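Scroll down for the structure; my scribbles are underneath it.
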Amino acid sequence: MAKKIGVITSGGDAPGMNAVLRAVTRYGIFLGYQIIGIRRGFKGLLDNDFITLTLRSVSGIINLGGTLLHTGRCSAIKTVLGMEKAIRIIKKLNLYGMIIIGGDGSLAAGDVFVRHGIRIINVPASIDNDICGTDETIGYDTALNTAVEAIDKIRDTATSHDRIFVVEIMGRDHGFLTLDVGIAAGCEFIVVPEIKTDIQKLIEELRMGKEKGKTSEIIAFAEGCGSSVKFAEKIKILTGGLEVKVSTLGYIQRGGRPTARTRILASKLGHTAVNLLEQGKCNLLVGITDGKISSVPICEAIKQKKKFDIELVKVLMNLSV
Ligand code: F6P
């Protein structure tokens, strides 16, 4: 009987998850494994919602956003009872190993499974790019391009009306996406959880921008910094009534066709995940570090804090004069 590998997508979806599913399924089957897809994230696991993935069931999905398996947030998996049930189900399924595709919640669940003797490989997928042990998460490049394209459009209307815009970018706890969007879209400022915003300085800069003949000023505002609407109102008041508009990019950043870069990363990491299991290795998070495929123990990835690139913030400020 073929050994079974389970695969699950969990947490917020990210473009490129399908490309990982395709890589895991195709390479897994090539090596002689049976691939069990766990549907609807950890909720599906607790509900025994499984399908067998075949070479053909992953056809035509490399170019699709979302996830063929569906996903979800699952509070039950964070409870002792929920986790015990999940472990019982995984053991009953008799999986040789399990590949978990997702963000920080998936990593935390993976860590607990590992401590219960289940062979786990985590594949980092999140538009937030906030996972340690990889320079880039799957889906990040696609979200970055989506947001930059949106801001390019906002810039057109902002310039035509001589307006200031606060554009809210996704990122629950971190400003990694906001910083890169800010650089790539030529934003004047960023507001991120990692740096305390000096509002008086920002107001001064906005006023100076007008004096220097700037026809538009865009502030990339990370979701994790609170209400972008309240922030815009504050700016309006403090600038003495300058016109400030808000645009929240929202969930469009999570959808859409994955970029070629995302697809390549997803294919490489999916392939690596299966390869590691085949070599008898597990309890690892796979990633890309300095351009090379890498892996780190899941428990290490959880402990570390991803470094925010302050130098890049300086670059943004120096270039937005
Ligand atoms: O983790 C990815 C992410 O899109 C965050 O940027 C955002 O804060 C969160 O998920 C939204 O989650 P949900 O889909 O549960 O609303």
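A few comments on the model shown:
- Contact map, the stretch 290-312: first residue at negative phi, second residue of a type in the set (S, T, N, Q) and open to solvent by 60 Å² or more (accessible area, probe 1.4 Å), Cβ cut-off under 7 Å, separation 6 or more or different chains; the map is empty.
- Among the conditions (1) assigned to a helix (DSSP H, G or I); (2) more than 19 Å from the chain's Cα centre (by Cα), Val246 misses just one, which is (1).
- Contacts under 9 angstrom Cβ, first residue in the stretch 55-82 being under 17 Å from Phe113 (Cβ atoms) and basic (Lys, Arg), partner open to solvent by 40 Å² or more (accessible area, probe 1.4 Å) and within 16 Å of the ligand (Cβ to nearest atom), 6 or more apart: Lys78/Gly105; Lys78/Ala108
- The single condition from (1) under 20 Å from the mean Cα position of the chain (by Cα); (2) outside any helix (DSSP H, G or I); (3) surrounded by 15 or more Cβ atoms within 10 Å (Cβ to Cβ) that Arg73 fails is (3).
- The residue that is surrounded by the fewest Cβ atoms within 10 Å (Cβ to Cβ), counting only those in the stretch 287-306 that are in a loop (DSSP other than H, G, I, E, B) and under 16 Å from the mean Cα position of the chain (by Cα), is Lys305.
- Among residues of the stretch 80-116, those that are surrounded by fewer than 19 Cβ atoms within 10 Å (Cβ to Cβ) and part of a strand (DSSP E or B), counted: 1
- Counting only strands (runs of 3 or more DSSP E) that fall entirely inside the stretch 145-238 and contain at least 2 residues that are under 22 Å from Pro258 (Cα atoms) and at pLDDT 95 or above, the qualifying elements are 164-169.
- Taken over the stretch 239-278, residues that are open to solvent by 40 Å² or more (accessible area, probe 1.4 Å), of a type in the set (Gly, Ala, Ser) and at pLDDT 95 or above amount to 2.
- Any hit, the stretch 268-286, residues being out of contact with any Leu (no Cβ under 9 Å at 6 or more places or on another chain), part of a strand (DSSP E or B) and more than 16 Å from the ligand (Cβ to nearest atom): no
- For Thr134, the conditions (1) open to solvent by less than 10 Å² (accessible area, probe 1.4 Å); (2) within 10 Å of the ligand (Cβ to nearest atom) all hold with the exception of (2).
- Checking the stated criteria, Val58 turns out not to satisfy the condition of being part of a helix (DSSP H, G or I), more than 16 Å from the ligand (Cβ to nearest atom) and at pLDDT 95 or above.
- The sole residue among Glu211, Glu217 that is acidic (Asp, Glu), over 28 Å from the mean Cα position of the chain (by Cα) and away from the ligand (no atom under 16 Å from the Cβ) is Glu211.
- Scanning the stretch 286-321 for residues that are under 17 Å from Phe176 (Cβ atoms) and touching a helix residue (DSSP H, G or I) at 6+ places or on another chain (Cβ under 8 Å) gives Gly287, Ile288, Ala301, Lys306, Phe308, Asp309, Leu312, Val313, Val315, Leu316.
- Those residues of the stretch 65-110 which are basic (Lys, Arg) and within 16 Å of the ligand (Cβ to nearest atom), in sequence order: Arg73, Lys78
- Filter pass, Gly175 being open to solvent by 20 Å² or more (accessible area, probe 1.4 Å) and touching a residue at least 60 places away in the same chain (Cβ under 8 Å): no
- Boolean, Asp135 is touching a strand residue (DSSP E or B) at 6+ places or on another chain (Cβ under 6 Å) and not β-branched (Val, Ile, Thr): yes
- Checking each residue in the stretch 25-48 for being over 21 Å from Ala108 (Cα atoms) and open to solvent by less than 60 Å² (accessible area, probe 1.4 Å) picks out Thr25, Tyr27, Gly28, Ile29, Leu31, Gly32, Tyr33, Ile35, Ile36.
- Looking at Glu204, Glu217, Glu211, just one residue is among the acidic types (Asp, Glu) and touching a strand residue (DSSP E or B) at 6+ places or on another chain (Cβ under 7 Å), and that residue is Glu217.
The values are calculated or read from the model by the stated rules, or taken from the named source; none is laboratory data. It should be emphasised that the depicted structure is a prediction, and the values quoted were computed from it without experimental measurement. Positions of Cβ are generated from backbone atoms using ideal geometry, with glycine treated the same way; all protein chains shown enter the neighbour counts. Ligands, DNA and RNA are stripped out before the accessible areas are found, and what is left, the full protein with its side chains, is counted by its heavy atoms. Shrake-Rupley method; radii C 1.70, N 1.55, O 1.52, S 1.80 Å.
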